[in-house]
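What follows is calculated from the coordinates using simple rules that are stated; it is not laboratory data. It should be emphasised that the depicted structure is a prediction, and the values quoted were computed from it without experimental measurement. Don't worry about glycine lacking a Cβ; one is built from the backbone with ideal geometry, like all the others, and counts go over all protein chains shown.
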Ligand code: MRU
């Protein structure tokens, strides 16, 4: 699986020399690829969540910076384009990481050499993301194999941390795809993930495409499913993990971690090293994005004729608060599944990971 170019969230069109993305705001009803044509369209794609998920946000921004440098490679343009892209979403640290990677690759070069170097770096980050996610899948598979050898597994996930959130494989879903491919009977409980419903719209869609059995459940039913013994483990992704192992992910993750802890269900977080913010001492320091209240007060879907509709849910005077992420304290996390192996969610575990990553 994941050998062809059609199972990916972002691709380079070598003929037109432009990036193409799947517009994820149209899923699951319409699969539409669209070209990104300008720095503004890159920023729009990230802020409106046509692309979303921490690793994919980072890769998209890397290509956005390369695009900007192809038009103006001066120091001023580099700084301005980086700042503009960085301002699109605040929580996923992969955005800053990817912009730094491209910036560092070109800063010392003559302006004439920068566009090509920036594009090569963006391609390299895309390739690395695929390889890292596949390694996360292999490392996560080891944990899954040890859970209930020879028996079917019921895995719960939240939001979308599959290939739509990365380039291929995903983070939280990579071990699921690996388990499915290796013949382990897996079934996934997909929590719908209000208010934007990434579980319903994205995770269920990509699991179905891959032939992995799954069932959508309301966010509020997940504790009860764990209490009934119907969940063998929870695996989620992360948008930013602090140096002490606290995990910031889609709002609702924390409640799942609490329920998992109370019911003795293993709770794992899958992430590439680029999601670790080494400069952030703890989860309370992570900026939590607050999105527009309209995401809670209205909902979009298709009618019986397949036409897209948006309808109001709440009384017209209603107001709503919409934090997009929450923080799960490290002590509720059973393990961090990374491309370098599985480590404890703690400062010690992360330092160990860092020593493997840097070869120190
Ligand atoms: O708001 P989103 O859809 O960008 O949030 C995505 C998540 O919370 C994912 O779990 C996270 O980015 C990890 S993706 C591999």
With 10 angstrom as the radius, rank 1, 226, 49, 156 by how many other C-beta atoms surround their C-beta, starting from the fewest. 1, 49, 226, 156
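Using the Cα gyration tensor of region 184-305, with a ≥ b ≥ c the square roots of its eigenvalues, what is the shape: rounded (a/c below 1.5), prolate (a/b larger than b/c) or oblate (neither)? Show your work: numbers first, answer last.
On the way: a/c = 1.69, a/b = 1.21, b/c = 1.40.
Note, shape of region 184-305 comes out oblate.
What is the antiparallel percent of DSSP beta bridges lying wholly in the chain, to the nearest 5? Spell out each step's value before the answer.
Working: 23 of 43 bridges.
Here the share of antiparallel DSSP bridges comes out near 55 percent.
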Shape call for region 148-226 from the C-alpha gyration tensor, a ≥ b ≥ c root eigenvalues: rounded (a/c under 1.5), prolate (a/b greater than b/c) or oblate? oblate
Alpha-carbon centroids, region 266-288 and region 133-190: separation in whole Å: 20
Please report the spacing between the Cα centers of region 43-95 and region 294-360 in Å, no decimals. 20
278, 205 arranged by Cβ crowding within 10 Å, fewest neighbours leading: 278, 205
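Helix-derived [θ] at 222 nm for the chain: sum -39500 (n - 2.57) over DSSP H runs of at least 4, divide by residue count, nearest 500?
Values: 11 runs with 133 residues, N = 360.
Estimated from H runs of four or more residues: -11500 deg cm²/dmol.
For 218, 25, what ranking results if the residue with the fewest other Cβ atoms within 10 Å of its Cβ goes first? Write out the running numbers ahead of the final one.
Working: 218 13, 25 16.
In order of increasing Cβ crowding within 10 Å: 218, 25.
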Taking a ≥ b ≥ c as the square roots of the eigenvalues of the Cα gyration tensor, with a/c under 1.5 meaning rounded and otherwise prolate when a/b exceeds b/c and oblate if not, region 136-358 is oblate
